[in-house]
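*Asks:* Handing you a structure now.
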Amino acid sequence: MKYMLALLGGILAGVVLFGLLLYVNPFAKAPGVSPLAVSQSSMFELTFSAVPDDTVATIYSSKARPDSHPVRVEDLWDPALANTKVTVTALRSSRGQPRAIGVKFSSLAKEAGLLQAKVPVNSNWHLWMLNDGGLFIDQTENQWFLLRDVIVPAYLGSEGAWRGTWYGIKTIGPGALGTGRVTGGSGKLNGVQGEAVESAIVRAYQADRGPVAMDVNLTLSLPATE
(Lines give C-alpha, C1' and ligand atoms only; values in the text may rest on other atoms or scores of the structure.)
Protein backbone atom coordinates (compact mmCIF):
# COMPACT_ATOMS: atom_id res chain seq x y z
CA MET A 1 0.00 0.00 0.00
CA LYS A 2 2.79 2.42 0.87
CA TYR A 3 4.38 1.82 -2.53
CA MET A 4 1.09 2.74 -4.22
CA LEU A 5 0.84 5.92 -2.15
CA ALA A 6 4.44 6.78 -2.98
CA LEU A 7 3.71 6.23 -6.68
CA LEU A 8 0.60 8.42 -6.58
CA GLY A 9 2.53 11.07 -4.64
CA GLY A 10 5.29 11.02 -7.21
CA ILE A 11 2.82 11.36 -10.08
CA LEU A 12 1.05 14.26 -8.36
CA ALA A 13 4.35 16.00 -7.64
CA GLY A 14 5.38 15.55 -11.28
CA VAL A 15 2.10 17.03 -12.52
CA VAL A 16 2.46 20.03 -10.20
CA LEU A 17 6.08 20.56 -11.20
CA PHE A 18 5.18 20.32 -14.89
CA GLY A 19 2.42 22.89 -14.39
CA LEU A 20 4.80 25.25 -12.62
CA LEU A 21 7.36 24.90 -15.40
CA LEU A 22 4.67 25.72 -17.98
CA TYR A 23 3.58 28.76 -15.98
CA VAL A 24 7.05 30.13 -15.26
CA ASN A 25 8.73 28.98 -18.51
CA PRO A 26 11.95 31.04 -18.39
CA PHE A 27 12.41 30.56 -22.14
CA ALA A 28 9.11 32.27 -23.02
CA LYS A 29 9.47 36.00 -23.57
CA ALA A 30 6.85 38.39 -24.83
CA PRO A 31 7.77 40.33 -28.00
CA GLY A 32 8.87 43.86 -27.15
CA VAL A 33 9.01 45.39 -30.64
CA SER A 34 6.12 45.55 -33.08
CA PRO A 35 6.72 43.60 -36.32
CA LEU A 36 5.46 46.70 -38.15
CA ALA A 37 8.65 48.50 -37.13
CA VAL A 38 10.17 47.30 -40.42
CA SER A 39 7.16 48.25 -42.56
CA GLN A 40 7.71 50.74 -45.37
CA SER A 41 4.00 51.60 -45.73
CA SER A 42 2.31 54.53 -44.06
CA MET A 43 0.98 53.74 -40.59
CA PHE A 44 -1.67 55.18 -38.34
CA GLU A 45 -2.92 54.21 -34.93
CA LEU A 46 -6.34 53.66 -33.41
CA THR A 47 -6.87 53.47 -29.66
CA PHE A 48 -9.71 52.62 -27.32
CA SER A 49 -10.34 51.71 -23.72
CA ALA A 50 -11.04 47.99 -23.26
CA VAL A 51 -12.83 48.58 -19.95
CA PRO A 52 -16.36 47.25 -20.63
CA ASP A 53 -18.05 50.37 -19.22
CA ASP A 54 -16.11 52.51 -21.72
CA THR A 55 -17.33 50.53 -24.74
CA VAL A 56 -20.65 50.66 -26.53
CA ALA A 57 -21.08 46.98 -25.68
CA THR A 58 -18.90 44.14 -24.41
CA ILE A 59 -20.63 40.78 -24.61
CA TYR A 60 -19.19 37.61 -23.08
CA SER A 61 -20.22 33.99 -23.40
CA SER A 62 -22.40 32.77 -20.56
CA LYS A 63 -19.50 30.75 -19.08
CA ALA A 64 -17.30 33.81 -18.61
CA ARG A 65 -17.09 35.32 -15.13
CA PRO A 66 -17.26 39.03 -16.04
CA ASP A 67 -20.73 40.42 -16.76
CA SER A 68 -21.64 41.73 -20.18
CA HIS A 69 -22.09 45.47 -20.69
CA PRO A 70 -24.61 47.04 -20.68
CA VAL A 71 -26.58 44.91 -18.23
CA ARG A 72 -29.58 44.66 -20.56
CA VAL A 73 -27.48 42.83 -23.16
CA GLU A 74 -27.95 39.06 -23.12
CA ASP A 75 -24.84 36.87 -22.80
CA LEU A 76 -23.76 34.61 -25.68
CA TRP A 77 -25.56 31.48 -24.50
CA ASP A 78 -25.24 29.20 -27.55
CA PRO A 79 -22.67 26.38 -26.93
CA ALA A 80 -21.11 27.12 -30.33
CA LEU A 81 -20.17 30.57 -28.99
CA ALA A 82 -18.44 29.32 -25.84
CA ASN A 83 -15.21 31.22 -25.08
CA THR A 84 -16.30 34.00 -27.42
CA LYS A 85 -16.35 37.74 -26.82
CA VAL A 86 -17.89 40.56 -28.87
CA THR A 87 -16.80 44.17 -28.44
CA VAL A 88 -18.47 47.20 -30.01
CA THR A 89 -16.53 50.40 -29.48
CA ALA A 90 -15.51 53.78 -30.83
CA LEU A 91 -11.82 54.18 -31.69
CA ARG A 92 -9.79 57.38 -31.67
CA SER A 93 -6.74 58.58 -33.54
CA SER A 94 -3.37 59.09 -31.86
CA ARG A 95 -4.46 62.71 -31.35
CA GLY A 96 -7.57 61.65 -29.47
CA GLN A 97 -10.00 62.51 -32.27
CA PRO A 98 -12.93 60.19 -33.22
CA ARG A 99 -11.68 58.02 -36.08
CA ALA A 100 -13.70 54.82 -36.39
CA ILE A 101 -16.41 52.58 -35.03
CA GLY A 102 -15.49 48.92 -34.71
CA VAL A 103 -16.91 45.51 -33.91
CA LYS A 104 -14.50 42.81 -32.76
CA PHE A 105 -15.25 39.10 -32.54
CA SER A 106 -12.72 36.97 -30.66
CA SER A 107 -12.85 33.28 -29.83
CA LEU A 108 -10.44 30.86 -28.17
CA ALA A 109 -8.72 28.77 -30.85
CA LYS A 110 -9.00 24.99 -30.73
CA GLU A 111 -5.33 24.29 -31.28
CA ALA A 112 -3.20 23.91 -28.17
CA GLY A 113 -0.06 25.94 -27.58
CA LEU A 114 0.85 25.88 -23.89
CA LEU A 115 4.13 24.10 -24.55
CA GLN A 116 5.09 27.07 -26.77
CA ALA A 117 3.72 29.60 -24.25
CA LYS A 118 0.69 30.30 -26.43
CA VAL A 119 -3.01 30.61 -25.75
CA PRO A 120 -4.15 31.36 -29.31
CA VAL A 121 -7.27 33.40 -29.95
CA ASN A 122 -8.79 34.00 -33.38
CA SER A 123 -10.20 37.50 -33.78
CA ASN A 124 -11.72 39.68 -36.47
CA TRP A 125 -12.26 43.41 -36.59
CA HIS A 126 -14.93 45.10 -38.70
CA LEU A 127 -13.97 48.79 -38.82
CA TRP A 128 -15.79 51.72 -40.38
CA MET A 129 -13.30 54.56 -40.79
CA LEU A 130 -14.57 58.13 -40.71
CA ASN A 131 -14.56 59.54 -44.29
CA ASP A 132 -12.55 56.56 -45.63
CA GLY A 133 -14.80 53.50 -45.70
CA GLY A 134 -14.75 50.06 -44.15
CA LEU A 135 -12.10 47.40 -43.66
CA PHE A 136 -11.62 44.00 -42.06
CA ILE A 137 -8.78 42.72 -39.89
CA ASP A 138 -8.14 39.01 -39.49
CA GLN A 139 -5.63 38.12 -36.80
CA THR A 140 -4.43 35.50 -34.36
CA GLU A 141 -3.64 36.72 -30.86
CA ASN A 142 -1.61 35.16 -28.07
CA GLN A 143 -3.23 35.68 -24.67
CA TRP A 144 -0.65 33.65 -22.73
CA PHE A 145 1.40 36.54 -21.33
CA LEU A 146 -1.71 38.51 -20.38
CA LEU A 147 -3.08 35.45 -18.58
CA ARG A 148 0.20 34.66 -16.83
CA ASP A 149 1.16 38.17 -15.79
CA VAL A 150 -2.22 39.82 -15.14
CA ILE A 151 -5.32 37.62 -15.09
CA VAL A 152 -4.01 34.67 -13.07
CA PRO A 153 -2.41 36.94 -10.42
CA ALA A 154 -5.76 38.78 -10.17
CA TYR A 155 -7.59 35.52 -9.45
CA LEU A 156 -4.95 34.37 -6.97
CA GLY A 157 -4.64 37.72 -5.18
CA SER A 158 -6.19 38.12 -1.75
CA GLU A 159 -8.36 40.99 -3.05
CA GLY A 160 -9.14 39.35 -6.36
CA ALA A 161 -7.37 42.15 -8.18
CA TRP A 162 -4.12 43.00 -9.95
CA ARG A 163 -2.50 46.43 -10.24
CA GLY A 164 0.68 47.48 -11.98
CA THR A 165 1.78 48.26 -15.53
CA TRP A 166 1.77 45.57 -18.20
CA TYR A 167 2.44 46.10 -21.90
CA GLY A 168 2.12 43.40 -24.51
CA ILE A 169 1.89 42.88 -28.26
CA LYS A 170 -1.00 40.49 -28.72
CA THR A 171 -0.98 39.85 -32.48
CA ILE A 172 1.10 36.86 -33.68
CA GLY A 173 -0.35 36.15 -37.13
CA PRO A 174 -1.42 35.00 -39.61
CA GLY A 175 1.23 37.09 -41.37
CA ALA A 176 4.70 35.56 -41.59
CA LEU A 177 6.14 38.39 -39.49
CA GLY A 178 3.44 38.08 -36.85
CA THR A 179 1.01 40.67 -38.22
CA GLY A 180 -2.73 40.61 -38.80
CA ARG A 181 -4.20 40.76 -42.30
CA VAL A 182 -6.08 43.90 -43.40
CA THR A 183 -8.55 43.89 -46.29
CA GLY A 184 -10.37 47.02 -47.44
CA GLY A 185 -14.08 46.59 -48.04
CA SER A 186 -15.65 49.88 -49.10
CA GLY A 187 -15.11 53.53 -49.93
CA LYS A 188 -11.52 54.71 -50.34
CA LEU A 189 -10.35 51.49 -48.70
CA ASN A 190 -12.02 49.18 -51.18
CA GLY A 191 -9.50 46.51 -52.27
CA VAL A 192 -6.68 47.87 -50.08
CA GLN A 193 -4.37 45.25 -48.55
CA GLY A 194 -2.30 45.86 -45.46
CA GLU A 195 -1.14 44.67 -42.06
CA ALA A 196 -2.14 45.31 -38.46
CA VAL A 197 -0.78 44.76 -34.96
CA GLU A 198 -2.79 45.00 -31.75
CA SER A 199 -1.16 45.76 -28.41
CA ALA A 200 -2.41 46.62 -24.93
CA ILE A 201 -1.43 48.42 -21.75
CA VAL A 202 -3.08 47.15 -18.56
CA ARG A 203 -2.90 48.98 -15.24
CA ALA A 204 -5.67 47.30 -13.24
CA TYR A 205 -7.66 44.08 -13.53
CA GLN A 206 -10.30 42.51 -11.29
CA ALA A 207 -11.22 38.84 -11.37
CA ASP A 208 -14.97 39.50 -11.15
CA ARG A 209 -15.09 42.57 -13.43
CA GLY A 210 -12.36 42.01 -15.98
CA PRO A 211 -10.17 44.96 -17.05
CA VAL A 212 -10.52 48.06 -14.90
CA ALA A 213 -7.81 50.14 -16.60
CA MET A 214 -6.77 48.84 -20.03
CA ASP A 215 -6.01 50.69 -23.26
CA VAL A 216 -5.70 48.92 -26.60
CA ASN A 217 -3.68 50.22 -29.53
CA LEU A 218 -4.39 49.05 -33.08
CA THR A 219 -1.65 49.97 -35.55
CA LEU A 220 -2.50 49.74 -39.25
CA SER A 221 0.03 49.68 -42.07
CA LEU A 222 -1.67 50.59 -45.35
CA PRO A 223 -0.63 51.94 -48.74
CA ALA A 224 -1.50 55.60 -49.25
CA THR A 225 -5.06 56.22 -50.43
CA GLU A 226 -6.31 59.19 -52.38
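Conditions tested, residue by residue: (1) on the phi > 0 side of the Ramachandran plot; (2) at pLDDT 85 or above; (3) open to solvent by less than 20 Å² (accessible area, probe 1.4 Å).
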| site | (1), (2), (3) |
| --- | --- |
| 29 | no, no, no |
| 34 | no, no, no |
| 43 | no, no, no |
| 47 | no, yes, no |
| 57 | no, yes, yes |
| 61 | no, yes, yes |
| 64 | no, no, no |
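*Asks:* Using the structure shown, decide if residue 185 is under 17 Å from residue 103 (Cα atoms), surrounded by fewer than 20 Cβ atoms within 10 Å (Cβ to Cβ) and modelled with pLDDT under 95. If you could, list the steps in order and put the result at the bottom.
*Replies:* On the way: under 17 Å from residue 103 (Cα atoms): yes; surrounded by fewer than 20 Cβ atoms within 10 Å (Cβ to Cβ): yes; modelled with pLDDT under 95: yes.
So residue 185 passes the test.
*Asks:* Kindly indicate which of 124, 131 is under 18 Å from the mean Cα position of the chain (by Cα) and not charged (D, E, K, R). Show your work before the answer.
*Replies:* Working: 131 fails: under 18 Å from the mean Cα position of the chain (by Cα).
None of the other options fit; the residue is 124.
*Asks:* Find the residue count for segment 78-134, including only residues that are of a type in the set (Phe, Trp, Tyr) and open to solvent by less than 40 Å² (accessible area, probe 1.4 Å). Reasoning before the result, please.
*Replies:* Initial filter on segment 78-134 (of a type in the set (Phe, Trp, Tyr)): 105, 125, 128.
Imposing the further condition that a residue be open to solvent by less than 40 Å² (accessible area, probe 1.4 Å) reduces the set to 125.
Counting residues in segment 78-134 that are of a type in the set (Phe, Trp, Tyr) and open to solvent by less than 40 Å² (accessible area, probe 1.4 Å) gives 1.
*Asks:* What do you reckon, is residue 110 over 21 Å from residue 45 (Cα atoms), of a type outside the set (A, V, I, L, M) and out of contact with any helix residue (DSSP H, G or I) (no Cβ under 8 Å at 6 or more places or on another chain)? Working first, answer last.
*Replies:* Details: over 21 Å from residue 45 (Cα atoms): yes; of a type outside the set (A, V, I, L, M): yes; out of contact with any helix residue (DSSP H, G or I) (no Cβ under 8 Å at 6 or more places or on another chain): yes.
Yes.
*Asks:* Okay, moving on. Checking residue 209 against (1) open to solvent by less than 60 Å² (accessible area, probe 1.4 Å); (2) over 22 Å from residue 42 (Cβ atoms), which single condition isn't satisfied?
*Replies:* For residue 209, the exception is condition (1).
*Asks:* Of all residues in segment 189-210, count the ones that are modelled with pLDDT under 95 and within 13 Å of the chain's Cα centre (by Cα).
*Replies:* Final tally of qualifying residues: 1.
*Asks:* Is there a residue in segment 154-164 that is open to solvent by 50 Å² or more (accessible area, probe 1.4 Å) and touching a strand residue (DSSP E or B) at 6+ places or on another chain (Cβ under 6 Å)? Give the steps one after another, and end with the answer.
*Replies:* Step one: filter segment 154-164 for residues open to solvent by 50 Å² or more (accessible area, probe 1.4 Å), giving 155-156, 158-159, 163.
Narrowing the set further to residues that are touching a strand residue (DSSP E or B) at 6+ places or on another chain (Cβ under 6 Å) leaves 163.
The answer is yes, given that some residue of segment 154-164 is open to solvent by 50 Å² or more (accessible area, probe 1.4 Å) and touching a strand residue (DSSP E or B) at 6+ places or on another chain (Cβ under 6 Å).
*Asks:* Take residue 165 and decide whether it is of a type in the set (Val, Ile, Thr), out of contact with any Pro (no Cβ under 6 Å at 6 or more places or on another chain) and more than 20 Å from residue 106 (Cα to Cα).
*Replies:* Working: of a type in the set (Val, Ile, Thr): yes; out of contact with any Pro (no Cβ under 6 Å at 6 or more places or on another chain): yes; more than 20 Å from residue 106 (Cα to Cα): yes.
Here the answer is yes, as residue 165 does meet what is asked.
*Asks:* Looking at 140, 179, can you tell me which residue is open to solvent by less than 50 Å² (accessible area, probe 1.4 Å), closer than 16 Å to residue 221 by Cβ and of a type in the set (Ser, Thr, Tyr)?
*Replies:* Among 140, 179, only 179 is open to solvent by less than 50 Å² (accessible area, probe 1.4 Å), closer than 16 Å to residue 221 by Cβ and of a type in the set (Ser, Thr, Tyr).
*Asks:* Tally up the residues in segment 127-175 that are of a type in the set (Ser, Thr, Tyr) and in contact with a Ser or Thr (Cβ under 8 Å, 6 or more places away or on another chain), please. Break it down into steps so the answer makes sense when it comes.
*Replies:* So in segment 127-175, the residues of a type in the set (Ser, Thr, Tyr) come out as 140, 155, 158, 165, 167, 171.
Narrowing the set further to residues that are in contact with a Ser or Thr (Cβ under 8 Å, 6 or more places away or on another chain) leaves 140, 167, 171.
Number of matching residues: 3.
The values are calculated or read from the model by the stated rules, or taken from the named source; none is laboratory data. Just so it is clear, the model here is predicted, and its values are computed rather than measured. Quick reminder, even Gly has a Cβ in these numbers, built from the backbone with ideal geometry, and neighbours come from all protein chains shown. Keep in mind that these areas ignore ligands, DNA and RNA; they rest on the heavy atoms of the full protein, side chains included. Shrake-Rupley method; radii C 1.70, N 1.55, O 1.52, S 1.80 Å.
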